[in-house]
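See below for the structure under consideration.
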Amino acid sequence: MFRLKHHERYATFALVGALTTLCVALAFWTPWAWLGALLFGALTTLGLHDITQTRHSILRNYPVIGHMRFLFEGIRPEIRQYLIESDQDEEPFSREQRAIVYQRAKGEEGKRAFGTKERVYDAGYAWLTHSVAPIHIDNADFRVPIGGPDCKQPYDASLYNISAMSFGSLSANAILALNTGAKSGGFAHDTGEGGISRYHRQGGGDLIWEIGSGYFGCRTIDGAFDPGRFAETAADPQVRMIEVKLSQGAKPGHGGVLPASKITPEIAEARGVPMGEDCVSPAAHSAFSTPLEFAAFLGQLRELSGGKPVGFKLCIGHRREFMCMVKAMVETGIVPDFIVVDGTEGGTGAAPLEFANHVGMPLVEGLTFVHNTLRGAGLRDRVRIGAAGKLISAFDIARALALGADWANSARGFMFAVGCIQAQACHTNECPVGVATQDKLRQRALVPADKAARVARFHENTLKALAEIAGAAALPDPRSFRPHHFMFREKDGEMRPGNEVYAEIAEGSLIDGQDDGQGYLARWSRARAESFRPPEDDL
Ligand SMILES: Cc1cc2nc3c(=O)[nH]c(=O)nc-3n(C[C@H](O)[C@H](O)[C@H](O)COP(=O)(O)O)c2cc1C
C-alpha cells in the first residue's frame, strides 16, 4: 500500500467523493440513491478529516485507505501474533521496541502487561542488578559537560541526543520537527553530513555540526575543505559542537551519492553544491591521510571555531587504526573533546546489503574498545564518549553508560517519534509518512509542530525511565552505572558480571607497557602515528 503513487494514494478518497456526487445526482431519480450518498458522503467526510488532521501522518498521505493499517493493527492478538511472527525477522526494530517510543512520544509511560517476553535463559540476555534500598531521583534532566582542557566553549549536553541524520536523507518537515523538539527539550541535534539547512536554523535547537568527506557547507568549488567558510558557519551560536564523520555503522568505509534528481534548491543551499549534478560524499576524507594529519585537522577545527568542542564519529573497523589515531593524540598533544562510537547495527537512509549486514564492529565491542584504548593511553578523562546503535530504551542507554559511554545518541528512535513506521522505504523517496523523502506532497503528512512535541516528550520520558532504573539500582545518577551493575548470560548458560565480560584495562597501561591480558598492548605496539598502514606494508 505504501508504494502507491500520488494519484493512487488519493484515488480512494477521490473515488468516494465522485460516488457521493453521483449518488446525490441519482437521488433526483431514485431516493434509494440517498443511501449511497450517505455512505460515500461519510467516507468523503472521513477523507477530508484525514487530510486535515495533524496527528496521523499515514492518514494525511493515504486518506480513507490508510485506516486499513489501523484495522490490521487493531485485530485480535492471535492473528496479529501470526503476522508478527511472519515478518518479525524483516524488521530492524521489533514491534515492542517501537511501541515504547510511540507510547513515550504520546506522553504515555512505556508499560507492558503480563511480564517479559525476553528469553531470559538465552545467551546474550542481560539484566541490571537492582537494590533492596532503591532511591527516587527527582530531576531527570541528566547532563554531561563536553570540552577538554583546550576547549574554550564547553557544552553541557543532555545524556540523550538526536544522532546524525542529514537533511536530504530526511525531509525538511522532519528536520524542523526534530530541531524544534530539541529546542524545547534542551537537547542537541546532530546535523548529519548534509550541512546546516534553513530548517535547522528555523528550529533554533542546539546543533552538532557534522563534517563528512563531502565537507558540505564548508567546501570549495571542487569539494575540498574550505577553512574560511568553515569558520563563518562554526561561529554561529546555534552550533555547539563540531563532529568529523569518519564512518557510520551501517556503511563504514562507503561513501554516498545523492542523485541530482533529489537535489532541491534547499539541499543545494545547505550543502553548498550546484543543482543538476550528483552530490558525492567520497569514501575517504581529502583534508588528511595520516593519523598525525588527522590530529592536526581536529586542532585546526577547534582553532577556527573559536574553541568549541571538536570530536569525531566512527564505527570501529581495523582496531589498530583507531590506536594509530590515539598514538597521534599522545604524540601531538592534540586531543579531541569527544568521540562518538557507532555500532554496525546502526541505521542509514541507504546502504549496500553487505555493508549494512557485515562491515563494522557492533556497538558494545566498539564502545568498550574505544573506552579501554583511551584508558590505556591515559586520555580517558579528557575525552567524552558518545554511543549510538539501537539505543531507544532506558535499559539500552544504561548499559551503554556502564560499558564506557558518557552519553547516548539515537537516530531511528527519534525517527519513530516523528512518525516513522519502519516502512524501510527511505531509499525510494516514497516514505509513506513524510519522514525520509524530498517529495513535497508526501512530506506534507508530517506536521512539524505536532511532531516536535512528540520528539520532546519521547526524550523527556526516556530520561525519566532512565532515572527510574538508576534509582532502582540505588544510584543517584545514570552516569554512575558501572559494568558490575549488569549481568550477562553467556553461551554456556552461565551468568557473569559485566566487569568480567567487559573488563577494563588499567589507566596508562599502554603507555607504561603493562600487559592487559586482552591483546591491547600487542595491538598498540603495531600502531603508529605517521600512517594508518600496518608496519608490514613497509617491508
Ligand atoms: C536516515 C538516516 C540517516 C543517517 N545519516 C547519517 C549521517 O549523515 N551521518 C552519520 O554520521 N550518521 C548517519 N546516520 C547514522 C545515525 O546517526 C546513527 O549513528 C545510527 O543510525 C545508529 O543509531 P540508531 O540505531 O539510533 O538509528 C543515519 C541514520 C539514518 C537512519
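The values are calculated or read from the model by the stated rules, or taken from the named source; none is laboratory data. These figures come from a predicted structure and were not determined experimentally. Quick reminder, even Gly has a Cβ in these numbers, built from the backbone with ideal geometry, and neighbours come from all protein chains shown. SASA here: full protein model, heavy atoms, side chains in, ligands and nucleic acids out. Shrake-Rupley method; radii C 1.70, N 1.55, O 1.52, S 1.80 Å.
Taking the range 377-393 as the range and being touching a strand residue (DSSP E or B) at 6+ places or on another chain (Cβ under 9 Å) and more than 21 Å from Pro154 (Cα to Cα) as the test, the residues that pass are Ala388, Gly389, Lys390, Leu391, Ile392. Please tell me if Glu108 is open to solvent by 70 Å² or more (accessible area, probe 1.4 Å), at pLDDT below 95 and more than 28 Å from Val364 (Cβ to Cβ). Spelling it out, Glu108 is indeed open to solvent by 70 Å² or more (accessible area, probe 1.4 Å), at pLDDT below 95 and more than 28 Å from Val364 (Cβ to Cβ).
Highlighted here are the helices (runs of 4 or more DSSP H) found entirely within the range 478-539 that include at least 2 residues which are of a type outside the set (A, V, I, L, M, F, W, C) and open to solvent by 30 Å² or more (accessible area, probe 1.4 Å): 498-501, 520-526. Taking each residue of the range 357-374 that is among the aromatic types (Phe, Trp, Tyr) and looking for partners that are assigned to a helix (DSSP H, G or I) with beta-carbon atoms closer than 8 Å, six or more apart or interchain, yields Phe369/Arg319; Phe369/Phe322.
Filter the range 297-311 for residues that are part of a helix (DSSP H, G or I) and of a type in the set (A, V, I, L, M); which is nearest to Phe532 (Cα to Cα)? Once the filter is applied, the top-ranked residue is Leu298.
Contact map, the range 437-452: first residue among the small types (Gly, Ala, Ser), second residue part of a helix (DSSP H, G or I) and modelled with pLDDT of 95 or more, Cβ cut-off under 6 Å, separation 6 or more or different chains; pairs are Ala452/Ala177; Ala452/Thr180; Ala452/Gly181. Annotation: of all residues in the range 183-194 being over 22 Å from Asp337 (Cα atoms) and in contact with a strand residue (DSSP E or B) (Cβ under 8 Å, 6 or more places away or on another chain), the one that is farthest from the ligand (Cβ to nearest atom) is Gly185. Within the range 460-472, identify whether any single residue is away from the ligand (no atom under 13 Å from the Cβ), within 17 Å of Ser163 (Cα to Cα) and part of a helix (DSSP H, G or I), and answer yes or no. Yes: the range 460-472 contains one or more residues that are away from the ligand (no atom under 13 Å from the Cβ), within 17 Å of Ser163 (Cα to Cα) and part of a helix (DSSP H, G or I).
Scanning the range 273-294 for residues that are in contact with a helix residue (DSSP H, G or I) (Cβ under 7 Å, 6 or more places away or on another chain) and either open to solvent by 60 Å² or more (accessible area, probe 1.4 Å) or not in a helix (DSSP H, G or I) (or both), we see that the one that is nearest to Pro227 (Cα to Cα) is Ala287. Annotation for the range 140-149: at least one member residue is in contact with a helix residue (DSSP H, G or I) (Cβ under 8 Å, 6 or more places away or on another chain), farther than 30 Å from Gly306 by Cα and away from the ligand (no atom under 15 Å from the Cβ).
When the range 195-228 is filtered for residues that are surrounded by fewer than 19 Cβ atoms within 10 Å (Cβ to Cβ), among the charged types (D, E, K, R) and either without any contact (Cβ under 8 Å) to a residue 40 or more places away in the chain or within 16 Å of the ligand (Cβ to nearest atom) (or both), the ones remaining, listed by number, are Arg201, Asp222, Asp226. If you go through the range 346-384 and keep only what is in a loop (DSSP other than H, G, I, E, B) and either among the hydrophobic types (A, V, I, L, M, F, W, C) or out of contact with any helix residue (DSSP H, G or I) (no Cβ under 9 Å at 6 or more places or on another chain) (or both), you end up with Ala350, Ala351, Pro352, Val359, Met361, Pro362, Ala377, Leu379, Val383.
Of the residues making up the range 8-30, those that are within 26 Å of Leu441 (Cα to Cα) and not in a helix (DSSP H, G or I) number 1.
For the range 298-326, a residue qualifies if it is within 29 Å of Asp512 (Cβ to Cβ) and either of a type in the set (Phe, Trp, Tyr) or surrounded by fewer than 21 Cβ atoms within 10 Å (Cβ to Cβ) (or both), and the qualifying residues are Gly299, Phe312, Gly317, His318, Arg319, Arg320, Glu321, Phe322. All conditions but one from (1) more than 16 Å from the ligand (Cβ to nearest atom); (2) assigned to a loop (DSSP other than H, G, I, E, B); (3) more than 20 Å from Ile208 (Cβ to Cβ) apply to Ser261; the one that does not is (2).
The residues of the range 30-64 that are basic (Lys, Arg) and closer than 17 Å to Ala11 by Cα amount to a single one, Arg60. Residue count for the range 385-418 under the criterion of being part of a strand (DSSP E or B), more than 11 Å from the ligand (Cβ to nearest atom) and crowded, with 24+ Cβ neighbours inside 10 Å: the result is 1. When Gly214 is tested against (1) assigned to a loop (DSSP other than H, G, I, E, B); (2) out of contact with any Cys (no Cβ under 9 Å at 6 or more places or on another chain), only condition (2) is not met.
Per-residue answers, yes or no, for (1) in contact (Cβ under 8 Å) with a residue 60 or more places away in the chain; (2) part of a loop (DSSP other than H, G, I, E, B); (3) within 16 Å of the ligand (Cβ to nearest atom):
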{"position": "Glu269", "(1), (2), (3)": "yes, no, no"}
{"position": "Lys313", "(1), (2), (3)": "yes, no, yes"}
{"position": "Cys324", "(1), (2), (3)": "yes, no, no"}
{"position": "Val330", "(1), (2), (3)": "yes, no, no"}
{"position": "Val341", "(1), (2), (3)": "yes, no, yes"}
{"position": "Thr344", "(1), (2), (3)": "yes, yes, yes"}
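Residues of the range 443-480 that are over 26 Å from Ala398 (Cβ atoms) and among the basic types (Lys, Arg): Arg444, Lys451. Tallying residues that are open to solvent by 20 Å² or more (accessible area, probe 1.4 Å) and within 14 Å of the ligand (Cβ to nearest atom) within the range 360-374 yields 4.
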